[in-house]
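To start, the structure itself, in structure tokens.
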Amino acid sequence: MQDLSGAFAEAFRLLLDLDADLMEIVGLSLRVSLTAVVAAALIALPLGAALAVTRFPGRGAVLVTLNALMGLPPVVVGLVVYLALSRAGPLGPLGLLYTPEAMILAQMLLVIPIVAAVTRQTVEDLRAEYDEQLRVFGVGPMGMVATLLWEGRFSLLTALLAGFGRAVAEVGAVIIVGGNINHVTRVMTTAIALETSKGNLALALGLGIILLLIAVAVNAAVMTVRRTPRHAVLA
Amino acid sequence: MPFSPDIPPMTARTEHRGEVLPLVARALGLWRDGRTLLDNVDLRVEVGPLTVIMGPNGAGKSLLLRLLAGLIAPDAGSVTWAGRAPDRVRIKRLGFVFQAPVLLRRSVADNLRYALRAAGIPKAEWHERTASALAEVGLDRLADAPARVLSGGEQQKLALARALAPGPEVLLMDEPTANLDPTATAAIEDRVGRARDAGTTIVFVTHDLGQAKRLAGRVVFLHRGRVTEDAPAARFFDAPASEPAAAFIEGRLLP
Ligand SMILES: Nc1ncnc2c1ncn2[C@@H]1O[C@H](COP(=O)(O)OP(=O)(O)O)[C@@H](O)[C@H]1O
Ligand SMILES: [Mg+2]
């Protein structure tokens, strides 16, 4: 068992030195999770808005499913994406398994339900408030949706931040579809799992501290969005 | 065929024909949950005096105004703008101010710009129209403030300025001062009066007798979903012809 205080000291040295291996891992983590959130937003914002303004048979079931998917276990998403990308799977020919793109895909699927569900609720609430006023302006359905998304921008930004927090912190999906390959698909969470099991506590702790800082930063950003006086009246 | 179809003889008189005016409601009926909310309502709004729709709470004033704006569809009868059913293009020539102002979560000036853009006003005119619309209601110094931090009176002034900025042919207002203090009420009435004098046709809903006397050129009295009286203001206040209107003017409780 490595000495704990020694591990902490070593971890801080790695952080202060901006250790190359450490920075590579952090960089890949951020790239994968940010890309996943942006891609998820491109799908989830229109999807959530469409669900908010349309009525169709089975809509209730879709909404219940969407809400349930917010709590989707990452390992299950990892498994599903793994099956889809594996050589025999439908997306096998793309050869994406064990690449950063596979990890982006998995995290995107984790984030979509969160952003879509919040978007649906936000747009539906705002629509109740604005529908008649916007119709009196002569705004059509598309313009209405665009306006409501903009009016709900602070709630939606909060949802995107929450989605990023979920993506960057999860380990179950990326370890299955990425494989934790050094210099290729090793991200913070998979590296922590591996280094801890190997007894290399310094690197694990260093990464853990960075992950914690990111979580704090995301939550601070969420609170800023919610609390700023100017935003409070806008929310 | 004895006459050409594009020159209907009945409208060949001197009547002004705009995109919305004459705004005509014929035999409007509206029912919800087995209750009759509006019953056989006829109303014709043309260029001319300010029309006040008056009546006690629950008479159906707000519903009637929303029907006239094409926001809800009647169960019976019809609403036509210049002879045709309401549509999304010509609604840009109609302004509407709700009892509770519905402001966008943006700056005061951006609220105006949004309305100007939606109404299809050329961008080159936005600056000038925004500035003068705000000056008209004394909000010019608040142009950059977030609209939703304004006081209730300022919010309603903004809603009125926003409705007038594109230069509507007709302005519908639903008890715009019901939640305001006397100073803000006076400011709104002042602005409404100037819009009327500048030629905007206005339909103004209120249950406030004093306000009706100050503004009305014509009064339509609504009681339990029916028009009981439609008369020039002077006649209406001097000698109301219907019992509900007479009771309302005298301050008696209506049955
Ligand atoms: N969507 C609706 N469904 C059922 N009843 C309604 C609806 N909207 C209004 N009403 C009823 O219609 C009547 C007239 O409402 P309204 O036009 O708002 O009256 P007011 O003259 O006070 O503006 C009221 O009794 C109200 O409860
Ligand atoms: Mg009303």
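The values are calculated or read from the model by the stated rules, or taken from the named source; none is laboratory data. From a predicted model like this one, the values you see are computed outputs, not experimental measurements. A quick note on method: Cβ atoms are made from the backbone with ideal geometry, for glycine too, and the neighbour counts reach across all protein chains shown. Areas reflect the complete protein model, heavy atoms only, side chains present, ligands, DNA and RNA absent. Shrake-Rupley method; radii C 1.70, N 1.55, O 1.52, S 1.80 Å.
By how many degrees, 0 to 90 and rounded to 10, does the Cα axis of helix A:100-136 deviate from the longest principal axis of chain A? With both axes taken from Cα atoms, the answer is about 20 degrees.
Karplus-derived 3J(HN,Hα) values for segment A:178-188, using 6.51 cos²θ - 1.76 cosθ + 1.60 with θ = phi - 60°, are x, x, 6, 7, 4, 6, 10, 10, 7, 10, 4 Hz; glycine and proline are entered as x.
A:ARG31 sits among other residues whose Cβ lies under 12 Å from its own Cβ, and their net charge, with Lys and Arg +1 and Asp and Glu -1, is -2.
Compare A:TYR98, A:TYR82, A:TYR130 in a GNM of chain A, Cα atoms joined below 10 Å, and give the one with the largest fluctuation. Per the Cα network of chain A with a 10 Å cutoff, A:TYR130 tops the list. Each of B:VAL52, B:ALA198, B:ALA133 was placed along the dipole of chain B (beta-carbon charges, centred on the mean Cα), and the one lying farthest toward the positive end is B:ALA133. Going from the chain on its own to the full set of protein chains, segment B:82-96 has these residues losing 10 Å² or more of accessible surface (heavy atoms, 1.4 Å probe, no ligands, DNA or RNA): B:ARG88, B:ILE91, B:LYS92, B:LEU94, B:PHE96. Taking only the C-alpha atoms of the protein assembly as shown, the Rg (one decimal) and the largest Cα-Cα distance, Dmax (whole number), read 31.0, 108 Å.
Can you give the Rg to Rh ratio for segment A:18-105, taking only C-alpha atoms and Rh from Kirkwood? Checking Rg against Rh, the ratio lands at 1.08. Here B:LYS213 is the anchor, and the lysines within straight C-alpha reach of less than 28 Å, apart from those fewer than 8 places off in the same chain, are B:LYS61, B:LYS157. Of the residues A:ARG59, B:ARG196, the one with the largest accessible area comes first in the ranking B:ARG196, A:ARG59, computed with a 1.4 Å probe on protein heavy atoms. Note on segment A:157-213: semi-axes of the ellipsoid equivalent to its C-alpha gyration tensor, largest first and rounded to whole Å, are 21, 15, 8. Over what distance in Å are the Cα centres of segment B:75-112 and segment B:176-254 separated? Segment B:75-112 and segment B:176-254 have Cα centres spaced 21 Å from each other. In a reduced charge model with +1 at each Lys and Arg Cβ and -1 at each Asp and Glu Cβ, the protein assembly as shown shows a dipole moment near 660 debye about its Cα centre.
Computed over chain A with a Gaussian network model linking Cα atoms closer than 10 Å, the most mobile of A:ALA193, A:ALA20, A:ALA204 is A:ALA20. For A:LEU63, what is the net charge nearby, where nearby means another residue's Cβ is under 12 Å from its Cβ and Lys, Arg count +1, Asp, Glu -1? Its environment carries a net charge of +2.
Which whole number of Å³ per residue matches the convex hull of the alpha-carbon atoms in segment A:1-64?
On the way: hull volume 9.8 nm³, N = 64.
Measuring per residue, one finds 153 Å³ for the Cα hull of segment A:1-64.
By the rule of a C-alpha distance below 14 Å, with chain neighbours fewer than 8 residues away ignored, the aspartates and glutamates paired with B:LYS123 are B:ASP110. A 1.4 Å probe run over the protein chains yields, for segment A:4-226, 45 Å² of accessible area per residue, whole-number rounding. A simple charge model with +1 on the Cβ of Lys and Arg, -1 on the Cβ of Asp and Glu and nothing else charged puts the dipole of chain B at about 560 debye relative to its Cα centre. With a cut-off of 11 Å between beta carbons, the residues surrounding B:TRP31 carry a summed charge of -1, where Lys and Arg count +1 and Asp and Glu -1.
Diffusion coefficient (Stokes-Einstein, Kirkwood radius over C-alpha pairs, 10 °C, 1.306 mPa s) for segment A:4-226: 83 µm²/s, rounded to a whole number.
Which listed residue (B:PRO101, B:LEU215, B:ALA247) has the Cα farthest towards the positive end of the charge dipole for chain B, taking +1 on Lys and Arg C-beta and -1 on Asp and Glu C-beta about the Cα centre? Most positive-ward Cα: B:PRO101. The charge dipole of segment A:4-226, taken about the Cα centre with unit charges on the Cβ atoms of Lys, Arg (+1) and Asp, Glu (-1), comes to about 440 debye, rounded to the nearest 20.
Sorting the Cα pairs of chain B by distance into bins of 10 Å, from 0 upward, gives 7, 29, 34, 21, 7, 1, 0 percent per bin.
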